[in-house]
Amino acid sequence: MYRDHTKKIQIGNRVIGGGSPVLIQSMTNTRTEDIEATVAQIKRLEAAGCDIIRSTVPTEEAAKAIREIKKQISIPLVADIHFDYKLAIAAIENGADKIRINPGNIGSKERVAAVVNAAKERNIPIRVGVNSGSLEKELVEKYHGVTTEGIVESALDKVHMIEALGYDNLVISIKSSDVMMCVKAHELLAPVSDYPLHVGITESGTVQSGNIKSAVGLGIILNQGIGDTIRVSLTGDPVEEVKSARLILRTLGLRKGGIEVVSCPTCGRTRIDLISLANEVEKMVADFDLDIKVAVMGCVVNGPGEGKEADLGIAGGIGEGLLMKKGEIIKKVPEAELLGTLRSELENWGNE
């Protein structure tokens, strides 16, 4: 398990690497200069289960905003820097818990050194980020195109550059929108580096397509013991990224907590509005901090049997349904009361 042997890195009040739990990251899509909007979004993300937040720093005003934003949030803040090394230094001076840079975009070695020295002075981590879309021309030519080997070589070159400056408080991120290229790149990198890896499928797409690509890619990578933090990159509300990341980790057995909802796909026997009911249940359970499984089944023929492994469940009939607990049928209730009955059971869970 690679993640058991990665270097431990402190990011604000969180620790990654060395077998620590895989943490969930997301990124704000507000203007960082708008402190009120950015804080409001981060608090929503915190409530959804985000562990680390990243915000872009494209201006001096955004760098200064970091100081005020940090006063109002509880999770570590990563400053995302492109091109301007002075903004990286400003973000560090204003209290960023970590910075994300691509040293190849920063400029000369002197500029990279200035950033590294500022990070070293405060002992904050640098995330070395390389994307397939920004691979150096010489590596594209060397490998006759954008390849996994090129991505990994680019990342290691940047790491060695910073190591030569006397700093090893590093996290590596290598991303591609090509799922299998991303998988193979991580499989190449993990055996030759002990730095924590931030994993994600970049530019994965909308909530629907992006979730599928991220679940496939992250599932393969994480299941090999690779990855210390993750982000599900979606074109949409970043809260959806956190929800998806939590579900991916829980599905792989890498995170406990939260109610897991299982529901049947419906068939011709279904006589209740199961699709709406299942969606309502999924929304409702977000209000409860319980580590249990809830089943939503469409009929009383297979429902009790299929839902017997759930802690709590409902199975539809004709205008009515059954309430089940630990595989046992508890009572029959009208269809209109199924959701309320389930909520009542959740509210009293553990009080029996």
Filter result for D194 (of a type in the set (D, E), within 28 Å of L346 (Cβ to Cβ) and open to solvent by 20 Å² or more (accessible area, probe 1.4 Å)): no
A48 being more than 24 Å from I201 (Cα to Cα) and surrounded by 17 or more Cβ atoms within 10 Å (Cβ to Cβ): no
Can you tell me which residues in the stretch 257-297 are of a type in the set (S, T, Y) and open to solvent by 60 Å² or more (accessible area, probe 1.4 Å)? S263
Residues in the stretch 79-123 that are open to solvent by less than 20 Å² (accessible area, probe 1.4 Å), under 16 Å from V159 (Cα atoms) and not in a helix (DSSP H, G or I) total 5
Could you identify the single residue in E61, E36, E68 that is at negative phi, free of Cβ contacts under 8 Å to residues at least 12 places away in the same chain, of a type in the set (D, E) and surrounded by fewer than 22 Cβ atoms within 10 Å (Cβ to Cβ)? E36
Checking V239 against (1) crowded, with 21+ Cβ neighbours inside 10 Å; (2) touching a residue at least 60 places away in the same chain (Cβ under 8 Å); (3) assigned to a helix (DSSP H, G or I), which test does it fail? (1)
Residue among G319, G340 that is at pLDDT below 85 and open to solvent by 30 Å² or more (accessible area, probe 1.4 Å): G319
Exactly one of these conditions fails for N13: (1) open to solvent by 20 Å² or more (accessible area, probe 1.4 Å); (2) in contact (Cβ under 8 Å) with a residue 40 or more places away in the chain; (3) in contact with a helix residue (DSSP H, G or I) (Cβ under 9 Å, 6 or more places away or on another chain). Give me its number. (3)
Enumeration of residues in the stretch 320-352 that are more than 12 Å from V294 (Cβ to Cβ), part of a strand (DSSP E or B) and touching a strand residue (DSSP E or B) at 6+ places or on another chain (Cβ under 8 Å): E320, G321, L322, I329, I330, K331, K332, V333, P334
Among (1) open to solvent by 40 Å² or more (accessible area, probe 1.4 Å); (2) in contact with a Lys or Arg (Cβ under 8 Å, 6 or more places away or on another chain), there is one condition E203 misses while meeting the rest; what is its number? (2)
Here is a check on your reading of the model: is S20 among the small types (G, A, S), buried (at least 23 other Cβ atoms within 10 Å of the Cβ) and in contact (Cβ under 8 Å) with a residue 12 or more places away in the chain? no
Quick one: which of T229, T148 is buried (at least 19 other Cβ atoms within 10 Å of the Cβ) and at pLDDT below 95? T148
Being in a strand (DSSP E or B) and within 30 Å of I24 (Cα to Cα), is that true of even one residue in the stretch 266-286? no
Six or more apart or on different chains, Cβ under 8 Å: which pairs go from a residue in the stretch 172-184 that's closer than 13 Å to G133 by Cα to one that's modelled with pLDDT under 90 and charged (D, E, K, R)? Could you list them? S177/E203; C182/K175
The stretch 55-90: number of residues that are more than 25 Å from the chain's Cα centre (by Cα) and of a type in the set (A, V, I, L, M): 3
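The values are calculated or read from the model by the stated rules, or taken from the named source; none is laboratory data. Remember, predicted model here, so these are calculated numbers, not experimental data. As a convention, Cβ positions derive from the backbone with ideal geometry for all residues, glycine included, and neighbour counts pool all protein chains shown. Heads up: the accessible areas ignore ligands, DNA and RNA and are worked out on the full protein's heavy atoms, side chains in. Shrake-Rupley method; radii C 1.70, N 1.55, O 1.52, S 1.80 Å.
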